[in-house]
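Undergrad: Please read through the structure below; I'll follow up with questions.
The values are calculated or read from the model by the stated rules, or taken from the named source; none is laboratory data. In this text, all values refer to a predicted model and were calculated from it rather than measured experimentally. Cβ placement follows ideal geometry from the backbone for every residue including glycine, while neighbour counts extend to all protein chains displayed. Ligands, DNA and RNA are excluded from the accessible area calculation, which covers all protein heavy atoms including side chains. Shrake-Rupley method; radii C 1.70, N 1.55, O 1.52, S 1.80 Å.
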Protein chains: 4
Amino acid sequence: MNTFGQRFRFTTFGESHGKALGCIVDGVPAGLKIDEAFIQREMDRRKPGKTKYETGRKESDTIEILSGVFEGLSTGTPIEMILFNENQKSRDYSNIKDLFRPGHADFTYFHKYGIRDYRGGGRSSARETSARVAAGAIAKLILQQLNINVQSGISEVGGIGSLDYDFEYAKKSEIFSLDSTIEQKQKEMILKSLNEHDSIGGVAVIKASNVPVGLGEPMYHKLDGQIASAMMGLNAVKGVEIGDGCVSSRSKGSLNNDPISPQGFETNHSGGILGGISNGDEIVVKVYFKPTPSIFHEQKTVDVHNNATVYNLKGRHDPCVAIRGSVVCESMMSAVLVDMLLLNMNSKMEYIQKIYK
Amino acid sequence: MNTFGQRFRFTTFGESHGKALGCIVDGVPAGLKIDEAFIQREMDRRKPGKTKYETGRKESDTIEILSGVFEGLSTGTPIEMILFNENQKSRDYSNIKDLFRPGHADFTYFHKYGIRDYRGGGRSSARETSARVAAGAIAKLILQQLNINVQSGISEVGGIGSLDYDFEYAKKSEIFSLDSTIEQKQKEMILKSLNEHDSIGGVAVIKASNVPVGLGEPMYHKLDGQIASAMMGLNAVKGVEIGDGCVSSRSKGSLNNDPISPQGFETNHSGGILGGISNGDEIVVKVYFKPTPSIFHEQKTVDVHNNATVYNLKGRHDPCVAIRGSVVCESMMSAVLVDMLLLNMNSKMEYIQKIYK
Amino acid sequence: MNTFGQRFRFTTFGESHGKALGCIVDGVPAGLKIDEAFIQREMDRRKPGKTKYETGRKESDTIEILSGVFEGLSTGTPIEMILFNENQKSRDYSNIKDLFRPGHADFTYFHKYGIRDYRGGGRSSARETSARVAAGAIAKLILQQLNINVQSGISEVGGIGSLDYDFEYAKKSEIFSLDSTIEQKQKEMILKSLNEHDSIGGVAVIKASNVPVGLGEPMYHKLDGQIASAMMGLNAVKGVEIGDGCVSSRSKGSLNNDPISPQGFETNHSGGILGGISNGDEIVVKVYFKPTPSIFHEQKTVDVHNNATVYNLKGRHDPCVAIRGSVVCESMMSAVLVDMLLLNMNSKMEYIQKIYK
Amino acid sequence: MNTFGQRFRFTTFGESHGKALGCIVDGVPAGLKIDEAFIQREMDRRKPGKTKYETGRKESDTIEILSGVFEGLSTGTPIEMILFNENQKSRDYSNIKDLFRPGHADFTYFHKYGIRDYRGGGRSSARETSARVAAGAIAKLILQQLNINVQSGISEVGGIGSLDYDFEYAKKSEIFSLDSTIEQKQKEMILKSLNEHDSIGGVAVIKASNVPVGLGEPMYHKLDGQIASAMMGLNAVKGVEIGDGCVSSRSKGSLNNDPISPQGFETNHSGGILGGISNGDEIVVKVYFKPTPSIFHEQKTVDVHNNATVYNLKGRHDPCVAIRGSVVCESMMSAVLVDMLLLNMNSKMEYIQKIYK
């Protein structure tokens, strides 16, 4: 169950403090130019320690391709990408070895598997998402060939946000903020959390443009269903919306329906998806992140023998996981779209005739 | 792609106005008592035409089991359940045959497949969800054996709602309202929509109790990811939350983390899921439905040749799809949980030894 | 696990003496003309009771399509096909209810599931293959559009056979014999088995012509691997060969390699598959059927309480299951090829550009 | 499609002359002792260059575990194993770069993908099977916990063989021969092939003992079907038999049925599988390998522009791939059995109650 996707598939491995993390990307069509520098740039966008708004922990996150590429092109065979962990220093884990950190997956992993790699959260660490970004970068290379563009940014930090989305601005913002007019307040909110030894939630918006009509496989692999699964499956995500999302539950049909004209849809309340299939309009997704559970307050918890104890965090942590999380959302969106592009090629006899005749 | 689930799997078929709808449920463990009356009761909860708050269209939705059950017990072989359409009268579809109804899937199905069964929305009709309820009823029979309880209700209609959830009350409410003190206002909102020839959105809450710790298969079949996919893939759903959901994006770690005591989690902001795995607490999911796109206003649209035209709806429709939709959410939640229960049986050597030694 | 295929998928249901059998075929590209008469003719080729070389039991095997087809064309939605059992007379099963018929699946189904539908073998009956033929007929309709031809016939009955394959002759032969010069001897062998109240094994050959180069998805969904799985999974099949098959294990590389010339492969020892991918040559598969386990001799067995007993068969049975089995092999081969055709459409960027640009 | 299995799943990557090969094994139950020395011993059994009957090419095939194991135990998370290629010397490939080696997958890979890594066969090289052996070794560690034993050996080389199988002897034999009385003749046959610059086919037998009744998931993941797929998908395999296999097609029901007594099956013509489900008896599978296509004769072929040319092989190659292939068959059989063991845990309510109550 560590495999994502149907036709564009990636399988990931690795623990936060193990020897390496990585993925096998399967189903990459042959003949794709593999731009390694681009993949590394994607890795760098997610990597920690770039600004004061992120964890101070630094990792170079250098990705290496071990297979599936020959003379710069994909060969149709699986692409293994690997990321060796650099700082495997024998840290002292005695303070978390036997207890469950509140808000983390320690409790559930321990009870599900009867054993857990407690070093830095092991497999449940957000560090796993680095492998998703590597896979997503390959997806993006495919999307680029079709001029499909996936972008992301932060719309809200701790409730401070707006509906003005400037995705170009977000690329330059240290916190990927979508609105330059409120960015400063969002930054202050993050620093305030840091000063209070606390953390803060946030919201990412992901937008895909120039998506062809027809992506999505009803009934149980609809485009919106797959996006929801991809996003909700990310660390710290607790809510996902498509288009107007929750707001549409307070609306009327006469306001919420998007009128259609020969030039296209006149509004986009739907977020570019109707009946689980892309309608050609921009796909807009909002992803709600909880505050990172790693805070520097003393917290009540139990140990593995279910005795009451308290937990005092050491180390360095992102005060607002939504920020780096937005990059991962973008990667996942890209992977979903490529998967859907491949699946949709089987949708009608006309396409089959085009390939085989 | 008309198959849901990994180990508890159902595959559905059928169009709104075709000969029949139904499903094959595969992976039902052998030896389960199949209570047909219970399955029919579940069908009846979703069936249209029960109250004045629903479409006036009446269908008996009588389910018939064709295979997989012998002498009242499941045999481990696929269970086919079928629902014949009664009212296949040769209605006049000339007004929708060549145009796309705004807010519906007509446009996307037509462009994806190059052909569509335009009668009542064909496969994209919410009538398809009747097959999900049949499959979900089988899932519930399994959950009952383990004393796991899945309930649902309506928390909001057109923005009118509360956070007081009384699931027992919802069972008796004509609109499955979770709060008796606001039910009347919610009903009035629905009738107002009807009078205005409009429709209205709503929110369903689904709760699962007594779920064992350990359900969910990281990384890409996490419990929250699969729930999100199951819910977002339903007709008219535009947002899904787990636990505190979107609200947690405005919270701090010190408030949002659930402290752990020897008696269990002291709060349940997480909605019963940590790291994609159930933590033994109640699982709470909120599902946001847009207003049904079928309204009786004249709407701008195009025909299949992309010429501008207008659409005037005839027929009968639910003013608030969230109501009957909540039953389907409950069914999907049940199916997800059973699938996860089966998958989790492979999680540790201890379980394997238990079965084979 | 009652679903076959990845992209062209069918899920079957039904027991030998239940209410109905059938399948849902998912992944049929939209816009395919569904020739119902053709599907019925395929059903008729497999149906029992046509000649004295088969079981005397007669069934009309009339297939009905319940969904997925609109105005004669596939719509891209699942196609349900159903076959109601006509002779559900309340036969007396007391002689087999509590014992295990040697050579049959009674023993294994009972132990796996703890319960079994003992009427006529239940789900394990070869009658299940009728659903495969229905699904295979849809596959054939797709193959016809691409001028791909799948044929079959019987090469051996009880060891009497030849390497002269005349697939046109087989179509007219009562026992689908591939060689008119030995057909009479094969028929006599079958009648001799009948007279001796015994049964006899046989071999079917399946040939696919005009298959494009490139079908097969290494490593674990290779064309030969999928064919082997499809055939070995059929009732009574105990051996599968591709091309020269077992004989090649006694050959030398210098004899077994197929030289390549600009006009194509000069020989076809490989059976049209290299590295698990079709090479454009004819695909040739041999399928070895054991004698039907249903014989009219008294046989030693045990009952469900593991007490020794004897079994005396009543009823009517095919003396040589290979004959009607060959039709099912043809259906499965067709399904595999369509699945591979669909999968292969994702193999290179060139194809993706063709569809989306 | 580089993933094998449903619940015990492995995904492989790597090319013959790329940087590395390896696999991610997913679905390993937590709490399994991971004996790295055992895994390496399995690798060593398959590795080339051990005797004069194999290719002279030497590779150390040292496996390294990168994830999924903590303090010697599996954690339930994916296990990545990697094998770095040592001899990546910049060989001269000009003689094979632009032509297709007869009997190899060069032709089909090139046409399917439009590009191929021609160095040593790239992904289609039998070197890929090293990753299968690593995954199979993990499967064997699980089987050992349940006292299930999988063994293999060579029954035939170039037609020289017997039906006397001594699996203990095979372990010590340089050519894994199952019969000490004919081993010498088999060895001579191999050396004769070498001297003639030719190659020779062979047959492997795989036996699994102490397999519980009930493994196999009808209809489309039957045990025999999955074994057939696993074996036929191996390089050079052209035929697969279960139990009496092809011979049963020449038999009668009265001879071929296995009588059942309270002590078990009295004969084992079935090879331990009835109706696609294990019956508790020994599972016996025969796998037929063609002669390795790499021979030192001049061979007719074409180049990538379809011009006639000749091919003269350089390098070192196994004269009889069946020998090392038998180890891979054993690995695949082990993987299939573990997958089936996991799947079967969902077969009845009784098992579910056992785990969850």
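Undergrad: Assess whether A:E330 counts as being crowded, with 17+ Cβ neighbours inside 10 Å, more than 7 Å from chain B (Cβ to nearest Cβ), more than 26 Å from C:P78 (Cα to Cα) and out of contact with any helix residue (DSSP H, G or I) (no Cβ under 6 Å at 6 or more places or on another chain). Write out each step before concluding.
TA: On the way: crowded, with 17+ Cβ neighbours inside 10 Å: yes; more than 7 Å from chain B (Cβ to nearest Cβ): yes; more than 26 Å from C:P78 (Cα to Cα): yes; out of contact with any helix residue (DSSP H, G or I) (no Cβ under 6 Å at 6 or more places or on another chain): yes.
It is true that A:E330 is crowded, with 17+ Cβ neighbours inside 10 Å, more than 7 Å from chain B (Cβ to nearest Cβ), more than 26 Å from C:P78 (Cα to Cα) and out of contact with any helix residue (DSSP H, G or I) (no Cβ under 6 Å at 6 or more places or on another chain).
Undergrad: I would also like to ask the following. Looking at (1) touching a residue at least 60 places away in the same chain (Cβ under 8 Å); (2) buried (at least 20 other Cβ atoms within 10 Å of the Cβ); (3) under 22 Å from C:S347 (Cβ atoms), which one does D:A126 not meet, given that it meets all the others?
TA: (3)
Undergrad: Please go through (1) among the aliphatic types (A, V, I, L, M); (2) surrounded by 24 or more Cβ atoms within 10 Å (Cβ to Cβ); (3) not in a strand (DSSP E or B) for C:L194 and return the number of the only condition it doesn't satisfy.
TA: Answer for C:L194: the failing condition is (2).
Undergrad: Please verify whether segment C:121-131 includes one or more residues that are acidic (D, E), closer than 25 Å to C:L83 by Cα and outside any helix (DSSP H, G or I).
TA: We begin by selecting, within segment C:121-131, every residue acidic (D, E); these are C:128.
So of that shortlist, the ones also closer than 25 Å to C:L83 by Cα come out as C:128.
Adding the requirement that they be outside any helix (DSSP H, G or I) leaves none.
Looking through segment C:121-131, none of the residues is acidic (D, E), closer than 25 Å to C:L83 by Cα and outside any helix (DSSP H, G or I).
Undergrad: I've got another one for you. If you go through segment A:7-27 one residue at a time, how many are outside any strand (DSSP E or B) and more than 22 Å from C:D339 (Cβ to Cβ)?
TA: Counting residues in segment A:7-27 that are outside any strand (DSSP E or B) and more than 22 Å from C:D339 (Cβ to Cβ) gives 5.
Condition check ((1) open to solvent by less than 10 Å² (accessible area, probe 1.4 Å); (2) at the interface with another protein chain (Cβ under 7 Å from one of its Cβ atoms); (3) at pLDDT 95 or above) across all residues:
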| site | (1), (2), (3) |
| --- | --- |
| D:T108 | yes, yes, yes |
| D:K112 | yes, yes, yes |
| D:R116 | no, yes, no |
| D:A131 | yes, no, yes |
| D:A137 | yes, no, yes |
| D:L143 | yes, no, yes |
| D:N149 | no, no, yes |
| D:I154 | yes, no, yes |
| D:G158 | no, yes, yes |
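Undergrad: Does A:T55 meet the test of being open to solvent by 10 Å² or more (accessible area, probe 1.4 Å), away from chain D (no Cβ under 14 Å) and in a loop (DSSP other than H, G, I, E, B)?
TA: Criteria not met by A:T55.
Undergrad: One residue is enough: does segment D:66-73 have a residue meeting the conditions among the aliphatic types (A, V, I, L, M), open to solvent by less than 20 Å² (accessible area, probe 1.4 Å), at pLDDT 95 or above and part of a loop (DSSP other than H, G, I, E, B)?
TA: Yes, that holds for at least one residue.
Undergrad: Are any of the residues in segment C:277-289 modelled with pLDDT of 95 or more, polar (S, T, N, Q) and crowded, with 18+ Cβ neighbours inside 10 Å?
TA: Yes, because at least one residue in segment C:277-289 is modelled with pLDDT of 95 or more, polar (S, T, N, Q) and crowded, with 18+ Cβ neighbours inside 10 Å.
Undergrad: Let me ask something else. Looking at segment B:289-331 only, could you name the residues that are out of contact with any strand residue (DSSP E or B) (no Cβ under 6 Å at 6 or more places or on another chain), among the polar types (S, T, N, Q) and farther than 25 Å from B:T12 by Cα?
TA: B:N306, B:N307, B:N312
Undergrad: Could I ask something else about it? Return the residues of segment B:221-254 that are free of Cβ contacts under 8 Å to residues at least 12 places away in the same chain and open to solvent by 40 Å² or more (accessible area, probe 1.4 Å); say none if nothing qualifies.
TA: Matches in segment B:221-254: B:V247, B:R250, B:K252, B:S254.
Undergrad: Scan segment A:160-182 residue by residue and report those that are touching a Phe, Trp or Tyr at 6+ places or on another chain (Cβ under 8 Å) and open to solvent by less than 60 Å² (accessible area, probe 1.4 Å).
TA: Within segment A:160-182, A:A170, A:I175, A:S177, A:L178, A:D179 meet the criteria.
Undergrad: List every residue pair whose Cβ atoms lie under 9 Å apart, where the two residues are 6 or more positions apart in sequence or sit on different chains, the first residue falls within segment A:40-54 and is closer than 14 Å to A:F176 by Cβ, and the second residue, located anywhere, is acidic (D, E) and in a helix (DSSP H, G or I).
TA: As it stands, the answer is A:E42/A:E330; A:R45/A:E330; A:K50/A:D44, since those pairs meet every condition given.
Matching residues to (1) within 14 Å of chain A (Cβ to nearest Cβ); (2) open to solvent by 10 Å² or more (accessible area, probe 1.4 Å):
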{"site": "B:N2", "(1), (2)": "yes, no"}
{"site": "B:F10", "(1), (2)": "yes, no"}
{"site": "B:G14", "(1), (2)": "yes, no"}
{"site": "B:G22", "(1), (2)": "yes, no"}
{"site": "B:V25", "(1), (2)": "yes, no"}
{"site": "B:V28", "(1), (2)": "no, no"}
{"site": "B:G31", "(1), (2)": "no, yes"}
{"site": "B:D35", "(1), (2)": "no, yes"}
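Undergrad: Which pairs do you get when a residue that is closer than 19 Å to B:K300 by Cα and part of a loop (DSSP other than H, G, I, E, B), found in segment B:107-118, comes within reach of a residue that is β-branched (V, I, T) and modelled with pLDDT under 95, reach meaning Cβ atoms under 7 angstrom, with the pair 6+ apart or on two chains?
TA: What qualifies is B:Y118/B:I96.
Undergrad: Whether any residue in segment D:135-158 is of a type in the set (S, T, Y), free of Cβ contacts under 8 Å to residues at least 60 places away in the same chain and in contact with a helix residue (DSSP H, G or I) (Cβ under 9 Å, 6 or more places away or on another chain) is what I want to check. First the steps, then the outcome.
TA: Within segment D:135-158, the first condition is being of a type in the set (S, T, Y), and the residues that meet it are D:152, D:155.
Those left that are additionally free of Cβ contacts under 8 Å to residues at least 60 places away in the same chain: none.
No: zero hits.
Undergrad: Return yes when B:D61 is in contact with a helix residue (DSSP H, G or I) (Cβ under 6 Å, 6 or more places away or on another chain) and either closer than 30 Å to B:K238 by Cβ or open to solvent by less than 10 Å² (accessible area, probe 1.4 Å) (or both) and no when it is not.
TA: Numbers: in contact with a helix residue (DSSP H, G or I) (Cβ under 6 Å, 6 or more places away or on another chain): yes; either closer than 30 Å to B:K238 by Cβ or open to solvent by less than 10 Å² (accessible area, probe 1.4 Å) (or both): yes.
It is true that B:D61 is in contact with a helix residue (DSSP H, G or I) (Cβ under 6 Å, 6 or more places away or on another chain) and either closer than 30 Å to B:K238 by Cβ or open to solvent by less than 10 Å² (accessible area, probe 1.4 Å) (or both).
Undergrad: Name the strands (runs of 3 or more DSSP E) wholly within segment B:205-319 that hold at least 2 residues that are more than 28 Å from the chain's Cα centre (by Cα) and within 8 Å of chain A (Cβ to nearest Cβ)? Lay out the reasoning, then the answer.
TA: Details: elements: B:237-242, B:283-289, B:299-302, B:308-311.
Output list reads B:299-302.
Undergrad: Looking at (1) over 15 Å from C:E15 (Cα atoms); (2) within 21 Å of the chain's Cα centre (by Cα), which is the only condition B:E80 fails?
TA: All conditions are met except number (1).
Undergrad: Next question. Quick one: A:Q186 ticks every box in (1) more than 8 Å from chain B (Cβ to nearest Cβ); (2) over 20 Å from the mean Cα position of the chain (by Cα); (3) open to solvent by 10 Å² or more (accessible area, probe 1.4 Å) bar one, so which box is it?
TA: The single condition A:Q186 does not satisfy is (3).
Undergrad: For segment A:242-272, which positions are touching a strand residue (DSSP E or B) at 6+ places or on another chain (Cβ under 6 Å) and of a type in the set (A, V, I, L, M)?
TA: Scanning segment A:242-272 gives A:I242, A:I260.
Undergrad: Evaluate the following for B:E86: is it open to solvent by 10 Å² or more (accessible area, probe 1.4 Å) and under 18 Å from B:E15 (Cβ atoms)?
TA: yes
Undergrad: Taking segment D:68-106 only, how many residues are hydroxyl-bearing (S, T, Y), touching a Phe, Trp or Tyr at 6+ places or on another chain (Cβ under 7 Å) and more than 8 Å from every other protein chain (Cβ to nearest Cβ)?
TA: Residues meeting the conditions: 1.
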